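Comments concern the structure below.
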Amino acid sequence: MKIRLACDLQTDSIVDGEGIRTVIWTQGCSHHCKGCHNPETHDHTKGIEVDVEDIKNKLSTLSNQDGITLSGGDPFFQVEASCEIAKYCKENDLNVWAYTGFTFEKLQEMSKNNSKLRDFMNNIDVLVDGKFELEKRSLNLKFKGSRNQRILDMHESLKCGKPVIMEEYNTEKTFLGYDCLAKEKEFMFI
């Protein structure tokens with residue numbers, strides 16, 4: 001099975017989820033969020049095509065990684081391959097974060113007719129959902145780009161059938177003596 005990636009795996013990330021992570025940047029996204037920080041990942045035909053087995057082999061050689069993050073692009077546009085990678089990681093005690101422009105509710109609806117999507121969702125620990133919205137952007141947020149996005153405990157959300165927000169990631173950073181929001185507005189030129 002193949003997956004289309006924007007680039008090679010990125011190890012040792014500390015900004016794409018809790019802990020030290022390996023990021024898998026998938027290629028292809030039809031959300032086209034205004035102000036996206038990875039617009040080069042939107043085209044579904046660009047990037048590099050990689051065998052999922054090769055990714056698993058690379059992941060098996062990594063050390064000192066708390067988990068993986070599937071981002072992009074949007075890994076939900078390549079459900080089967082993303083699911084295969086997530087399953088492999090869960091079997092090897094790596095936690096899995098995934099970023100998507102879809103909401104949890106939309107994924108639930110879509111999964112009714114797609115067992116592979118349900119399987120993928122069951123192999124994700126933390127889901128960051130929702131499109132990036134430039135007018136709700138904040139540099140003070142933990143692990144997300146705009147205030148509308150949610151960081152969800154996927155296991156609890158699936159169990160309850162509704163989004164369960166992880167409150168520990170739901171606060172904004174504050175810096176003494178520095179108005180980050182005012183500074184952000186100075187630099188919002190997109």
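One line per residue, one yes/no per condition, for (1) in contact with a Cys (Cβ under 7 Å, 6 or more places away or on another chain); (2) of a type in the set (V, I, T):
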residue	(1), (2)
G35	no, no
T45	no, yes
N57	no, no
L62	no, no
D74	yes, no
Y88	no, no
D93	no, no
A98	no, no
K106	no, no
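So which residues in the stretch 15-41 are in contact with a strand residue (DSSP E or B) (Cβ under 9 Å, 6 or more places away or on another chain) and either acidic (D, E) or farther than 19 Å from D125 by Cα (or both), if there are any at all?
D16, E18, Q27, G28, C29, C33, G35, N38, T41
For the stretch 3-59, what are the residues that are of a type in the set (G, A, S) and either buried (at least 16 other Cβ atoms within 10 Å of the Cβ) or at pLDDT 95 or above (or both)?
A6, S13, G17, G19, G28, S30, G47
Considering only the stretch 25-46, I want to know if a residue exists there that is in contact (Cβ under 8 Å) with a residue 12 or more places away in the chain, in a loop (DSSP other than H, G, I, E, B) and closer than 24 Å to E168 by Cα.
No.
Scanning for something within 21 Å of N170 (Cβ to Cβ), touching a residue at least 12 places away in the same chain (Cβ under 8 Å), among the acidic types (D, E) and part of a loop (DSSP other than H, G, I, E, B), does the stretch 57-80 turn up at least one residue?
Taking every residue of the stretch 57-80 in turn, at least one turns out to be within 21 Å of N170 (Cβ to Cβ), touching a residue at least 12 places away in the same chain (Cβ under 8 Å), among the acidic types (D, E) and part of a loop (DSSP other than H, G, I, E, B).
Specify the residue that is surrounded by the most Cβ atoms within 10 Å (Cβ to Cβ); the eligible residues are those in the stretch 98-140 that are touching a residue at least 12 places away in the same chain (Cβ under 8 Å) and among the basic types (K, R).
Per the stated criteria, the residue is K131.
Any idea how many residues of the stretch 141-164 are surrounded by fewer than 14 Cβ atoms within 10 Å (Cβ to Cβ) and either closer than 16 Å to K34 by Cα or under 18 Å from the mean Cα position of the chain (by Cα) (or both)?
Looking only at that region, the number is 1.
Checking the structure you have, find out if any residue of the stretch 121-129 is at pLDDT 95 or above and more than 18 Å from D16 (Cβ to Cβ).
yes
Can you name every residue in the stretch 87-97 that is touching an Asp or Glu at 6+ places or on another chain (Cβ under 9 Å) and either aliphatic (A, V, I, L, M) or buried (at least 20 other Cβ atoms within 10 Å of the Cβ) (or both)?
Within the stretch 87-97, L94, V96, W97 qualify.
The values are calculated or read from the model by the stated rules, or taken from the named source; none is laboratory data. The structure displayed is predicted, hence computed values, not measured ones. All Cβ positions, even for glycine, are placed from backbone atoms using ideal geometry, and neighbour counts span all protein chains on display.
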